[in-house]
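Here the structure comes first, spelled out in structure tokens, and everything after it is commentary.
The values are calculated or read from the model by the stated rules, or taken from the named source; none is laboratory data. The shown structure was predicted, so the numbers you read here are calculated from the model rather than taken from an experiment. Using ideal geometry, Cβ is built from the backbone for each residue, glycine included, and neighbour counts are taken over all protein chains shown.
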Ligand code: CP
């Protein structure tokens, strides 16, 4: 296990210790203050160049990474993949070597192939690589921002700060993750981060949307969805990933919604303090009803907002190669 991502890459949460995760969350908490200033900018990465390479569609992750980099005063090279030489058949290796020749310090990348960021880290070992989602494998910064959001909500209720509480607020917490577990990199990263922080994770899905090796995962599989909802402290919905063929794994969207959707009726089973989450983009009316997504129990916009300080923390730690204790974010 790695105890700090300072000076390293971030391709997966599977190798991060609780200490490394808490370091990112605490660093992100410092950057929340920066984002509330009139001038939302610090010179922490001045002179660094960060490439943003999204081979798959994204709204939240790409924009918040690019915002985070700019707020740290880095220069951002953003490759519009759809109008780049990738479309002429240029390989991943040649693409990354070309961008590296321009002089970059870090690359933030999303790719449909699981393992592509690890491959890139071998092609350009002197460049920091940050995974913004690879196939069904990992979406590390989504996992980190989800944990950051839960800690923020629980800390506010407890009248403390997340930094003061460390990982304490996760001890014994019941997290329920619902939906397309099989195809979801978010589920894989969320499970890593929540279990490492001390929470208990239950998953609920039709059998066809569970991965074949689910028995080896550190989770409980819900046998009664309604009962799992009634005892959950956090409910994380997942998007039904039609682009990864999940439609073929359920008889119909209507049937999925009636058995595993968080409908308004089913949301009545939740306790008032249960936190409802979704990484977005949502299929409203499929995995979550609009009224539930827009209710006060849902923290979906807070998740998006937290994407910026969490990604600032990840960029700072990996690319500055230092921690806020040893450096300065003024
Ligand atoms: N949650 C998430 O990764 O959203 P985007 O695909 O919009 O980046």
Quiz item: Are any residues in the stretch 283-301 buried (at least 16 other Cβ atoms within 10 Å of the Cβ) and in contact with a helix residue (DSSP H, G or I) (Cβ under 7 Å, 6 or more places away or on another chain), and if so, which ones?
Solution: 286, 289, 292, 293, 298, 299, 300
Practice problem: Any residue in the stretch 302-315 that's under 14 Å from residue 34 (Cα atoms): show its pairings with residues that are at pLDDT below 95 and assigned to a helix (DSSP H, G or I) at Cβ separation under 7 Å, as long as the two are six or more apart or on different chains. | Solution: 308/35; 309/35
Practice problem: Kindly provide the set of residues from the stretch 155-175 that are surrounded by fewer than 24 Cβ atoms within 10 Å (Cβ to Cβ), in contact (Cβ under 8 Å) with a residue 40 or more places away in the chain and touching a helix residue (DSSP H, G or I) at 6+ places or on another chain (Cβ under 7 Å), ordered by number. | Solution: 161, 163, 166, 167
Quiz prompt | Per-region count, the stretch 42-59, residues touching a residue at least 12 places away in the same chain (Cβ under 8 Å), surrounded by fewer than 17 Cβ atoms within 10 Å (Cβ to Cβ) and under 23 Å from the mean Cα position of the chain (by Cα) | solution = 2
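Out of 240, 269, 262, which single residue is touching a strand residue (DSSP E or B) at 6+ places or on another chain (Cβ under 9 Å) and buried (at least 16 other Cβ atoms within 10 Å of the Cβ)? Full working, then the answer.
Numbers: 240 fails: touching a strand residue (DSSP E or B) at 6+ places or on another chain (Cβ under 9 Å); 269 fails: touching a strand residue (DSSP E or B) at 6+ places or on another chain (Cβ under 9 Å).
The unique qualifying residue is 262.
With modelled with pLDDT of 95 or more, buried (at least 22 other Cβ atoms within 10 Å of the Cβ) and more than 16 Å from the ligand (Cβ to nearest atom) as the only criterion, which of 92, 10, 16, 77 stands out?
On the way: 92 fails: buried (at least 22 other Cβ atoms within 10 Å of the Cβ); 10 fails: more than 16 Å from the ligand (Cβ to nearest atom); 77 fails: buried (at least 22 other Cβ atoms within 10 Å of the Cβ).
Being modelled with pLDDT of 95 or more, buried (at least 22 other Cβ atoms within 10 Å of the Cβ) and more than 16 Å from the ligand (Cβ to nearest atom) holds for just one of 92, 10, 16, 77, which is 16.
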Quiz item: Looking at (1) surrounded by fewer than 18 Cβ atoms within 10 Å (Cβ to Cβ); (2) at pLDDT below 95, which is the one condition that is false for residue 183?
Solution: (1)
Exercise. Determine if the stretch 44-52 includes at least one residue that is more than 19 Å from residue 184 (Cβ to Cβ) and within 16 Å of the ligand (Cβ to nearest atom).
Key: yes
Practice problem: Filter the stretch 97-113 for residues that are surrounded by fewer than 16 Cβ atoms within 10 Å (Cβ to Cβ) and either on the phi < 0 side of the Ramachandran plot or within 16 Å of the ligand (Cβ to nearest atom) (or both) and give the result. | Solution: 97, 98, 101, 102, 112, 113
Practice problem: Examine the stretch 135-152 for a residue that is in contact with a strand residue (DSSP E or B) (Cβ under 9 Å, 6 or more places away or on another chain), away from the ligand (no atom under 16 Å from the Cβ) and in contact (Cβ under 8 Å) with a residue 12 or more places away in the chain, and state whether such a residue exists. | Solution: no
